[in-house]
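Below is one structure, written out as structure tokens; the observations come after it.
The values are calculated or read from the model by the stated rules, or taken from the named source; none is laboratory data. Predicted, not measured: the structure shown is a model, and the values here were computed from it. FYI the Cβ positions are ideal-geometry reconstructions off the backbone, even for glycines, and counts take in every protein chain you see.
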Amino acid sequence: MANMKDVKRRIKSVESTMQITKAMQLVASSKMRKAKERAEAVHPFFEGIFQVMADISRDHEFTSVFTKKKFKNSVLLIVIAGDRGLAGGFNSNVLKLAKAKADEIQASGGEAVIMAIGKKAVEFFEKREYKLIDGFPQIAEGIELIDAMMIANKVVERFRLGDFDAVELVYTTFVSVMTQEPQHLRILPVENLEYLGKKHPMTIYDPSPEAVFDSLIPEYMGGMLYSAIVDSFASEQAARRTAMESASDNASEMIDKLSLLYNRARQAQITQEITEISSASLNDNS
Amino acid sequence: MAVFKLKVLTPEKVFFQDDTEQLVAKTTTGYVGILANHSPYVASLVPAEMKIKIDGAFRSAAISDGVVKVSEDGSVTVLTSAVEWSDEIDVARAQRSKERAEKQLKAQTSRTEFDLAERQLKRAVNRLSVAGKK
């Protein structure tokens, strides 16, 4: 027979754990909502920038260091993960993809250089044999555009100087509250731009299409990085919310089972006491 | 006065969206004024004061790097990483940012860092000079 005191203590401890997981779930879902709004606010800006870039490349034959495809000797992988754990498979999924991409680059004879955003990403690559050039832990929550711009400016400058031949991004995108998917994107050189012949020769570019295009690259990169970081943060919160929700469910199931056990033990004890009392009174009468 | 649709977008929000009489902004080649029915035009913007004229009165804002685009339908879009109305600029923060940039410029750093610090300084000085303007 289970000890009543032990069972009671376990119920208490599960209850207090459940309180924590419930609180974490609530916090995560409110943070997720805010992050989602921020992620959505980026779209008009980003589409605007990309549209101008697409217009330029559509109307003009031009050359820019930012569109030239080069042999991939050295690739910068910007990896975005979370700052904290307890978010289901969120961190491990995105880091697994990042590692696979880095290995792929190295297997084909290139060099993978890593820039890690988020504490978990920094820790992951510090422990392993990869070239980590920069780490930015604890910036995702409350990130401001200026932070993303600073990182973007650094990356663009180094790309221009030829430190790397390509810049790729690995992060988690928010699909829905239930699903978040690790993503791999090429940022530089800029792809999906095509020259279709002069269709809109009307537009005047000041000072020149090339100069406008090149000056847009840091904004493009910064906007992209900012939106990826916010997107990843929203995903992290969604993953944590789901993980904490199932933890709370499990806890409440456990409490139910333990309560049953406790009640049974209590009943057994009462039965025993009655038996003892009645047998004692029987003894008295005789 | 004839008006045109002006949109000022940053990655964080839609900063301004309304009918406007005139937009004055500084491109890499100098200040330009844009009125209604401007021909299609695209230019890069540098950190400077940007003025928007509504109902005959100008409003001033400090703008960082960006781009201005006049579409074929005559609507104008300004895309920038940062923009603030002159009366909303945090002077203390701009001052701090200026000092930080100056310190970095004095330290003997790499070319890249020097360029970054220089740009930061330009933005901070711009914000300080626009602050308080009507």
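General remarks:
- B:ASP87 being out of contact with any strand residue (DSSP E or B) (no Cβ under 7 Å at 6 or more places or on another chain) and either of a type outside the set (Phe, Trp, Tyr) or within 9 Å of chain A (Cβ to nearest Cβ) (or both): yes
- In the set (1) touching a residue at least 12 places away in the same chain (Cβ under 8 Å); (2) more than 19 Å from B:LEU116 (Cα to Cα); (3) more than 14 Å from chain B (Cβ to nearest Cβ); (4) under 15 Å from the mean Cα position of the chain (by Cα), A:PHE136 fails one condition alone, (2).
- Within the range A:144-195, the set of residues being touching a Leu at 6+ places or on another chain (Cβ under 6 Å) and either on the phi > 0 side of the Ramachandran plot or not aliphatic (A, V, I, L, M) (or both) comprises A:ASN153, A:PHE159, A:PHE164, A:GLU168, A:PRO182.
- Which listed residue, of A:ALA166, A:ALA152, A:ALA148, A:ALA211, is crowded, with 16+ Cβ neighbours inside 10 Å, within 11 Å of chain B (Cβ to nearest Cβ) and farther than 30 Å from A:GLU37 by Cα: A:ALA211
- Whichever residue in the range B:99-134 is among the aliphatic types (A, V, I, L, M) and closer than 14 Å to A:ASN153 by Cβ and, among such residues, is nearest to the other protein chains (Cβ to nearest Cβ): B:LEU116
- Consider the range A:17-47 and keep the residues that are among the polar types (S, T, N, Q) and without any contact (Cβ under 8 Å) to a residue 12 or more places away in the chain. The one that is farthest from A:PHE174 (Cα to Cα) is A:GLN19.
- Residue that is nearest to the chain's Cα centre (by Cα), among those in the range B:75-120 that are within 30 Å of B:ASP19 (Cβ to Cβ) and assigned to a helix (DSSP H, G or I): B:SER86
- Test result for B:LEU45, within 14 Å of chain A (Cβ to nearest Cβ), in contact with a strand residue (DSSP E or B) (Cβ under 6 Å, 6 or more places away or on another chain), more than 12 Å from B:PHE4 (Cβ to Cβ) and in contact (Cβ under 8 Å) with a residue 60 or more places away in the chain: no
- Enumeration of residues in the range B:1-15 that are more than 7 Å from every other protein chain (Cβ to nearest Cβ) and in contact (Cβ under 8 Å) with a residue 60 or more places away in the chain: B:PHE4, B:LYS5, B:LEU6, B:LYS7, B:VAL8, B:PHE15
- Residue ID - surrounded by the fewest Cβ atoms within 10 Å (Cβ to Cβ), chosen from residues in the range A:36-65 that are closer than 23 Å to B:ASP65 by Cα and away from every other protein chain (no Cβ under 14 Å): A:THR63
- Yes/no for B:VAL67 being at the interface with another protein chain (Cβ under 9 Å from one of its Cβ atoms), closer than 24 Å to A:MET224 by Cα and either modelled with pLDDT of 85 or more or assigned to a strand (DSSP E or B) (or both): yes
- When residues of the range B:48-64 are limited to those that are in contact with a helix residue (DSSP H, G or I) (Cβ under 7 Å, 6 or more places away or on another chain) and not acidic (Asp, Glu), the one nearest to the other protein chains (Cβ to nearest Cβ): B:SER64
- Unique match (being under 30 Å from A:PRO209 (Cβ atoms) and not hydroxyl-bearing (Ser, Thr, Tyr)) among A:ASN153, A:ASN91: A:ASN153
Rundown of residues vs (1) crowded, with 21+ Cβ neighbours inside 10 Å; (2) touching a helix residue (DSSP H, G or I) at 6+ places or on another chain (Cβ under 8 Å); (3) part of a loop (DSSP other than H, G, I, E, B), yes/no style:
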{"site": "B:PRO11", "(1), (2), (3)": "yes, yes, yes"}
{"site": "B:PHE15", "(1), (2), (3)": "no, no, no"}
{"site": "B:ALA25", "(1), (2), (3)": "yes, no, no"}
{"site": "B:TYR31", "(1), (2), (3)": "no, no, no"}
{"site": "B:ASP73", "(1), (2), (3)": "no, no, yes"}
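- Residue identified as in a helix (DSSP H, G or I) and either free of Cβ contacts under 8 Å to residues at least 12 places away in the same chain or at the interface with chain B (Cβ under 9 Å from one of its Cβ atoms) (or both) among A:SER252, A:SER235, A:SER259, A:SER246: A:SER246
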